[in-house]
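The values are calculated or read from the model by the stated rules, or taken from the named source; none is laboratory data. Quick caveat: nothing in here was measured; it's all calculated off a predicted structure. Glycine also receives a Cβ, built like all others from the backbone with ideal geometry; neighbour counts cover every protein chain displayed. What goes into the accessible areas is simple: the full protein's heavy atoms, side chains included, and nothing from ligands, DNA or RNA. Shrake-Rupley method; radii C 1.70, N 1.55, O 1.52, S 1.80 Å.
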Amino acid sequence: MTLYYEPVPDRARALADALEGEPHGAGDLAELASLVRADPGAQLVILGPTVELTDAVAFATQHRLTRPSLGVVLLRDQVDVAVLAEALRSGIREVITATDVNGIRAACARSLEVSQQLAQGRMAPADTPVKEGHLITVFAGKGGCGKSTIATNLAVALADGGKSRVCLVDLDLTFGDVAIMLQLVPKRSLADAVPMAGRLDETGVRSLVTPYAPGLDTLLAPPSPAEGERVGRELVSEIVKIAKRMYDYVVVDTPPFFSDQVLAALDLSQWYILLATPDIPALKNLRLTLDMFDMLEYPTSQRIIVLNRSDAQVGLTHADIERVVRAPIAGRVPSTRDVPVSINRGVPLMVDSPNNPVSRYIREVRGWIVSAQAQNGEAPAPAPRRGVFGLRRGR
Ligand SMILES: Nc1ncnc2c1ncn2[C@@H]1O[C@H](COP(=O)(O)OP(=O)(O)O)[C@@H](O)[C@H]1O
Ligand SMILES: [Mg+2]
């Protein structure tokens, strides 16, 4: 049975309407606690937006140990980081905005799933390896090569209308373009993770995401460069590790240089999409990137080298290009006006023009990644490589 408590009668009625099934309302917190005691099968309690935070926290704390399978979902008129941090510490599973009916239903469904697994003893103990999603980092050592274009469109392709769960992370913390490319208003960004550093969990990460489309969430770059500086390497690792447990694919867009944060993502990646355009500075930077990857022992089999705007008439033959890069080019993406047009409209090409040659190429990349995952079952382990932080530790 689903139980709820909300002191203001009108709001209690609205809450009952929003909940699925036949929820049972309590008149006060004491009654709620006795309903929980009387029903050992109760798995979900929703606390309404006008319940005092201290009462909600006390209720969750009290039941966390005595009834670990009971999920508590808290509604608030405004979800801010301070509320979230306190709620999560007490064991409240999710904090959702009271007006977000779909969000409430989804949170209830997630919480019930967790409760059912816990009740049946199927929840993996903390030290059991959890199935992880693939992390794909899109990188180029020079700006303007098409990283954000490829990353956003690949994320849309991987989500495939909601068939897979994908998180697109904008690690271009100073000049991130993901929000503008998807016409998202960043109410929350990676900078909001700073106060939760060191004790983030899935609920915390979920509170940071901005949903874009079915199956596709985003973790956006902070709105100002100064805030971006506060998001350090350790925090990026923490966020990415949790996101990999929550999503089938995590796609990371990057700035055009090896920042500490980028290196943290690269160390955890299963795939590296490396971009260049057919001009000597971009090709030289791609070569330098590959040298760095060799040094860090990132597996060559997981590198997908893509030449973007490959048809630009700039006096370089394919042979010239391969001579500079000294590595096989997996694909060539043509230049098309549709790309800047789609960016200016704020709608990814993959959504509007799935048959455009750029969209078709990105679906091909998606195909490789998906079929590799299907064949391996698991992500190729990022473990055996040295990685930059391995090097720094002097391994
Ligand atoms: N295949 C392409 N055809 C035409 N224009 C492109 C293509 N790929 C990228 N662009 C353009 O190049 C510019 C830089 O792309 P962007 O994805 O922002 O690069 P980055 O993130 O690497 O800096 C954008 O204005 C975009 O419209
Ligand atoms: Mg970019």
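Here are a few things to note about the model shown:
- Scope region 160-207; condition open to solvent by less than 60 Å² (accessible area, probe 1.4 Å) and touching a Phe, Trp or Tyr at 6+ places or on another chain (Cβ under 8 Å); matching residues: Ser164, Val166, Cys167, Leu168, Leu182, Leu184
- Residues within region 46-105 that are more than 25 Å from Ser189 (Cα to Cα), of a type in the set (A, V, I, L, M) and in contact (Cβ under 8 Å) with a residue 40 or more places away in the chain, tallied: 4
- Within region 140-154, residues that are part of a loop (DSSP other than H, G, I, E, B) reach partners that are within 6 Å of ligand 1 (Cβ to nearest atom) with beta carbons closer than 6 Å, at six or more positions or on different chains, in the pairs Ala140/Lys147; Cys145/Asn308; Gly146/Asn308.
- Meeting the requirement of 2 or more residues that are within 16 Å of ligand 2 (Cβ to nearest atom), the helices (runs of 4 or more DSSP H) wholly within region 174-244 are 178-181, 225-228.
- When we screen Ala119, Ala109 for residues that are modelled with pLDDT under 80 and open to solvent by 40 Å² or more (accessible area, probe 1.4 Å), the only hit is Ala119.
- First in region 11-26 and under 19 Å from Arg37 (Cα atoms), second anywhere and crowded, with 18+ Cβ neighbours inside 10 Å and β-branched (Val, Ile, Thr), Cβ under 6 Å, 6 or more apart: Pro23/Thr2
- Residues in region 140-156 that are more than 9 Å from ligand 1 (Cβ to nearest atom) and either more than 22 Å from Ser353 (Cα to Cα) or open to solvent by 10 Å² or more (accessible area, probe 1.4 Å) (or both): Gly141, Val156.
- Subset of region 34-43 (residues that are surrounded by 17 or more Cβ atoms within 10 Å (Cβ to Cβ) and assigned to a helix (DSSP H, G or I)): Leu35, Val36
- Restricting attention to region 67-83, the residues being farther than 16 Å from Ser207 by Cα and open to solvent by less than 40 Å² (accessible area, probe 1.4 Å) number 3.
- Selection from region 245-261 of residues that are open to solvent by 10 Å² or more (accessible area, probe 1.4 Å) and more than 16 Å from ligand 2 (Cβ to nearest atom): Arg245, Met246, Tyr247, Asp248, Asp260
- From the options Leu316, Leu288, Leu296, residue that is touching a residue at least 12 places away in the same chain (Cβ under 8 Å) and open to solvent by less than 10 Å² (accessible area, probe 1.4 Å): Leu296
- Beta carbons closer than 8 Å, at least 6 apart along the sequence or on distinct chains, pair a first residue in region 337-353 that is open to solvent by less than 60 Å² (accessible area, probe 1.4 Å) with a second that is near ligand 1 (Cβ under 8 Å from one of its atoms) and acidic (Asp, Glu) for Leu349/Asp338; Ser353/Asp338.
This table checks each residue for (1) in the same structural domain as Leu88 (by TED's automatic domain parsing); (2) surrounded by 16 or more Cβ atoms within 10 Å (Cβ to Cβ); (3) assigned to a helix (DSSP H, G or I).
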{"residue": "Ala14", "(1), (2), (3)": "yes, yes, yes"}
{"residue": "Asp17", "(1), (2), (3)": "yes, no, yes"}
{"residue": "Gly21", "(1), (2), (3)": "yes, no, no"}
{"residue": "Leu32", "(1), (2), (3)": "yes, yes, yes"}
{"residue": "Val45", "(1), (2), (3)": "yes, yes, no"}
{"residue": "Thr50", "(1), (2), (3)": "yes, no, no"}
{"residue": "Ala56", "(1), (2), (3)": "yes, yes, yes"}
{"residue": "Leu65", "(1), (2), (3)": "yes, no, yes"}
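- Residues in region 262-284 that are open to solvent by 30 Å² or more (accessible area, probe 1.4 Å) and not in a loop (DSSP other than H, G, I, E, B): Asp267, Ile280, Pro281, Lys284.
- Looking across region 157-182, just one residue is away from ligand 1 (no atom under 13 Å from the Cβ) and among the polar types (S, T, N, Q), and that is Ser164.
- Any hit, region 65-80, residues being modelled with pLDDT of 85 or more and within 16 Å of ligand 2 (Cβ to nearest atom): no
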